[in-house]
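Engineer: Below is a structure I'd like to ask you about.
The values are calculated or read from the model by the stated rules, or taken from the named source; none is laboratory data. Fair warning: this is a prediction, and the values are worked out from it, not measured in the lab. Every residue, glycine among them, receives a Cβ derived from its backbone with ideal geometry; neighbour counts consider all protein chains shown. Heavy atoms of the whole protein, side chains included, go into the accessibility calculation; ligands, DNA and RNA do not. Shrake-Rupley method; radii C 1.70, N 1.55, O 1.52, S 1.80 Å.
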Amino acid sequence: MTRYVLCLLFFVWLAFLAGYFLVSAEVFLATHVGGVFRNAGAFGAAGVLLSPGCADPLYRKAIRVSMGATLSTPFARTDWRAGLDALRAGGYA
C-alpha cells in the first residue's frame, strides 16, 4: 500500500515540475497512440489526456511502439470539452 501512495506523490510532483500535458483527439490506431506516448516521454510531459475515441494505451501494440512509456506516463481518458475546460481552469492555456 505504501508503494502506491509514494508513486502517486511522485507523479503529482512530476506534474508540478513538468508543467505541460499532451492532448490527443480521436487517435484510433494503437500504434499511433504508442507514438504519442513515446513522444510524451521523450519531451518530459507530465501526462497525456485522451479523448473517448482514442485507442487503448495499454494494448500490447501501443506498449511496444511506445517502448514502455505508456506504463510510466500518467494518462486520463475524459470527455473532450470537459477535459480542455479543466486544463484551462488549471492555467494550462
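Engineer: Do we have ALA82 as open to solvent by 40 Å² or more (accessible area, probe 1.4 Å) and either within 20 Å of PHE28 (Cα to Cα) or of a type in the set (Gly, Ala, Ser) (or both) here?
Structural biologist: Judged against the criteria, ALA82 is a match.
Engineer: Looking at segment 67-79, which of its residues are in a helix (DSSP H, G or I) and either surrounded by 15 or more Cβ atoms within 10 Å (Cβ to Cβ) or touching a residue at least 60 places away in the same chain (Cβ under 8 Å) (or both)?
Structural biologist: Residues satisfying the conditions are ALA69, THR70.
Engineer: I'm trying to understand the selection: among the residues of segment 80-93, which are aliphatic (A, V, I, L, M) and part of a loop (DSSP other than H, G, I, E, B)?
Structural biologist: If the condition is that a residue be aliphatic (A, V, I, L, M) and part of a loop (DSSP other than H, G, I, E, B), then ALA93 is the only one that fits.
Engineer: Criterion first (touching a residue at least 12 places away in the same chain (Cβ under 8 Å), assigned to a helix (DSSP H, G or I) and surrounded by fewer than 20 Cβ atoms within 10 Å (Cβ to Cβ)) does GLY53 satisfy it?
Structural biologist: No.
Engineer: Restricting attention to segment 22-50, which residues are open to solvent by 70 Å² or more (accessible area, probe 1.4 Å) and either of a type in the set (A, V, I, L, M, F, W, C) or over 22 Å from ARG88 (Cβ atoms) (or both)?
Structural biologist: Passing the criteria: PHE28, LEU29, HIS32, ARG38, ASN39, ALA42, PHE43.
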